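Coordinate-derived values only; no laboratory data. Predicted model only: the values in this text are computed from it and were never measured. Every residue, glycine among them, receives a Cβ derived from its backbone with ideal geometry; neighbour counts consider all protein chains shown.
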Number of protein chains: 2
Amino acid sequence: MNSSISTSLPDLARRLDDIEPFRVMAILARARALEAGGRDIIHLEVGEPDFATPEPIVEAGIAALQAGHTHYTPALGLPALRRAIAHYYGERYGVSVAAERVAVTPGASGGLLLAMAALFNPADEVLLAEPGYPCNRHFARLIEAKARSIPVGAATSYQLSAELVAAHWGPHSRGVLLANPANPTGSVVDAKALRAIHGVVRERGGWLLVDEIYHELIYDRNEPSALALGDDVIVINSFSKYFLMTGWRLGWLVLPEVLVPAVDKLAQNLFLAAPTMAQHAAIAALAPATRGLLEARKAELKARRDYLLPELQRLGFEVSAKPAGAFYLYADCSRFNDDSEAFAERLLWEAGVAVTPGTDFAGAEGRRYVRLAYTAELPRLREAVSRMEAWLRSG
Amino acid sequence: MNSSISTSLPDLARRLDDIEPFRVMAILARARALEAGGRDIIHLEVGEPDFATPEPIVEAGIAALQAGHTHYTPALGLPALRRAIAHYYGERYGVSVAAERVAVTPGASGGLLLAMAALFNPADEVLLAEPGYPCNRHFARLIEAKARSIPVGAATSYQLSAELVAAHWGPHSRGVLLANPANPTGSVVDAKALRAIHGVVRERGGWLLVDEIYHELIYDRNEPSALALGDDVIVINSFSKYFLMTGWRLGWLVLPEVLVPAVDKLAQNLFLAAPTMAQHAAIAALAPATRGLLEARKAELKARRDYLLPELQRLGFEVSAKPAGAFYLYADCSRFNDDSEAFAERLLWEAGVAVTPGTDFAGAEGRRYVRLAYTAELPRLREAVSRMEAWLRSG
């Protein structure tokens, strides 16, 4: 082994300059280090429900393994799972989706990569809301397309609007990707606003991609799936959040028919297939018998939001609109500190509460915000509030 | 739903023109259709061992699920698995690898994408052997880099050589990716030739990437891992082939230290993490107690090769060198038909034997070859040979 070689290695790819690590991972690593040293840390940082995967889903995964289902599936997924997903849209949303339009993917991440790779050329622009899920712009960067971030705020419930899309659409714009509900804000685009965005995108000859991975976690109302707008919309979805299957790495796309062969060949080449046992388990996740368990978890998440939001406001955080979905509160902490990274760091170190700085989701504006994921049980949330209260008073 | 929309959808990305579907998938689909109609088909087409995952690995996966390990792991993998992989290199290859240099990936596919994304800019060239695994050039295409295919033949055992690399290295060349053993030929680059290639690549300031996913399936001799060349080499590996975990979707990279933070942030953004239960199961795959089971499967594969190769030659297929590894025979069928796609189609339809046309692995030259994966038990291989013999005589 010649360890001197490392000093003369060639350069890495330029795209790495534009791809940022998740700051939340650094927070998580520091939190774990503190825990290893005996500290009690309340974890509100990671975008992952604290619940384990429900029993019937786990049992189906185990049964698949016991039955020897350890080989590859077709690239677009087990036919039975594609049918189950198609059926789900009929039952849950009243939208008719052919099973052939469903592509099962390795997480929603896999779906985002496939969709972007199928649609966008280098220099093509994809319009995104900022704040937003940071990976979206990094997927665009990977394939040399450009993410055009559109700042959104309270005026449009932290979502894109038809007006914003029209105002920012340029000669190289080729699509819009929005998340409904959004991460980090939990904000929802309602049916009318979504229809208007779809109209603008279609008029301009672009693609509309809608990330619905938190769509089943809209708490106070019913919203249609974007698939109701027409069969030209691309929907990205996941078994991770509502279905509580994060570690299984499984998501799906619903595609316009013409895109299916393109995504099939991309999936063959980029992934071969999604994990087999996860696909068998996911069939159980969609079974009517499992729904009650998932709804109970959803009710628990809603109770947490309803507790935490007014408490944060009482402590002096500003949350401009009650988030309608997901499991995040995006809270303005600029009253306490104009640098959310320093704020998050101190909050962790001094009060034992881990949150994510807004700079994971937005540029300079992110310095005013932190994201709290209500992925801890109510008693822990109460403890977090009381720690923060004492800490803010003492600060 | 307005189905007329589909007729006016915008164009797909240009890269799709350069990315081909696996022809093997069409063969597989036709084989399944024939089976559904009652035909008995011998499957020698798919690049996947027929063996199920061994019991101790499955049991570890089940135990992980029962223990509630259903959440995300760190992006680079469970620390215990990274340590186990590092340890494996010491035990198996006598190479010292720090656990921090190991990145656990969603399949070797995930590893190839991460490595290429970390290293190559648009227009950068990656040198590849042709015939070769088709996804390699498609990963390059995805990120707008260029795959430069170098035709290889019997003279260099169907592998790249230092001379070939030097002769084809151009002003935009930035790296070499070789598979050892190779798919579809099963050919192996020996230690001396590999060292010479490494020397040429290093001299020219490029990266050497070595795909070792079939490395444990070298039958008649011991070859060192490319990691023995120095800590500047990037090795791609997988739990799919030797460890018989295809459907689990798990692989790994061993990286130069400087690359680890880059691959970490790419993995966070592109994949979040590899499947959790697969990672727990993989620790059992590397346990000494499992090795005996895996070696028994390897012995079975070797016995199949030793049966099938002379039989194919007897039937009139040309196989220029005894493949030293993997589980493929790349056989020249041009004596029977100068179009291997038509040959494979007729062989399936008329004799019930499914093989892959060489056009999955090479351009025009691929029309002379078919790939046979010896992924069926010996009695089925004997049946395949007798069917082919009767069919070739009658044709």
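Each of B:Asp11, B:Asp211, A:Asp264, A:Asp332 was scored by other Cβ atoms within 10 Å of its Cβ. Arranged with the fewest first, they read B:Asp11, A:Asp332, A:Asp264, B:Asp211.
Just checking the listed ones, B:Arg14, B:Arg92, B:Arg141: in the Gaussian network model of chain B with Cα springs under 10 Å, the one fluctuating most is B:Arg14. Both radii were evaluated on the Cα set of the protein assembly as shown; the Rg over Rh quotient, with Rh as the Kirkwood radius, amounts to 0.97.
Just add up the charged neighbours of B:Glu212: K/R +1, D/E -1, any other residue whose Cβ is under 12 Å from the Cβ of B:Glu212. List each step's numbers first, then the result.
Details: positive: B:Arg92, B:Lys241; negative: B:Asp211, B:Glu216, B:Glu223.
Taking every Cβ under 12 Å from that of B:Glu212, the sum is -1.
In a simple Cβ point-charge model (Lys, Arg +1; Asp, Glu -1; nothing else charged), the range B:55-289 has a dipole of about 300 debye relative to its Cα centre. A label point on B:Gly37, set 7 Å along the Cα-to-Cβ line, lies at 7.1 nm from each of its counterparts in the other copies, closest listed first.
Select from B:His172, B:Phe336, B:Trp349 the residue farthest towards the positive end of the dipole of the protein assembly as shown; place +1 on Cβ of Lys and Arg, -1 on Cβ of Asp and Glu, and compute about the Cα centre. Farthest towards the positive end: B:Trp349. Along each principal axis, taking the top coordinate minus the bottom one, the Cα set of the range A:55-289 gives 55, 40, 28 Å in descending order.
Dimensions of the range A:170-241 based on its C-alpha atoms, expressed as ranges along the principal axes with the largest first, amount to 37, 22, 21 Å. In nanometers and ordered shortest first, the copy-to-copy spacing of the A:Glu350 label point, defined 7 Å from Cα toward Cβ, is 8.3.
Once you reduce the range B:171-218 and the range B:360-391 to the center of their Cα atoms, the two points are 27 Å from each other. Compared with the direct C-alpha span, the chain from B:Leu34 to B:Ala167 gains 43.2 nm at full extension, assuming 0.36 nm per residue.
Using bins of 10 Å that start at zero, the share of Cα-Cα pairs per bin across the range A:1-83 amounts to 11, 19, 19, 31, 18, 1, in whole %. Between copies, how far apart are the B:Glu257 label points? List them in nm, one decimal, shortest first, with each point 7 Å from Cα toward Cβ, please? Spelled out, the distances from B:Glu257's label point are 5.8 nm.
When the alpha carbon coordinates of chain B are projected onto the principal axes, the ranges are 62, 60, 53 Å, largest first.
Across all Cα atoms of the range A:69-166, the radius of gyration (one decimal) and Dmax (whole number) stand at 16.8, 50 Å. The mean sequence distance of close C-alpha pairs (under 8 Å, at least 6 residues apart), as a share of the length of chain A, puts its relative contact order at 23 percent.
Suppose R0 equals 51 Å. What FRET efficiency, 1/(1 + (r/R0)^6) with r the Cβ-Cβ distance, do B:Ala99 and A:Arg195 give to the nearest 0.05? Please list the in-between numbers first.
Numbers: r = 52 Å, r/R0 = 1.02.
Approximately 0.45, to the nearest 0.05.
Relative contact order, whole percent, for the range B:55-289 stands at 30, derived from Cα pairs under 8 Å and 6 or more residues apart. Think of the range A:55-289 as having a plus end and a minus end, set by charges on the Cβ of Lys, Arg, Asp and Glu; of A:Tyr89, A:Pro56, A:Ala182, A:Ala182 sits farthest toward the positive end of this dipole.
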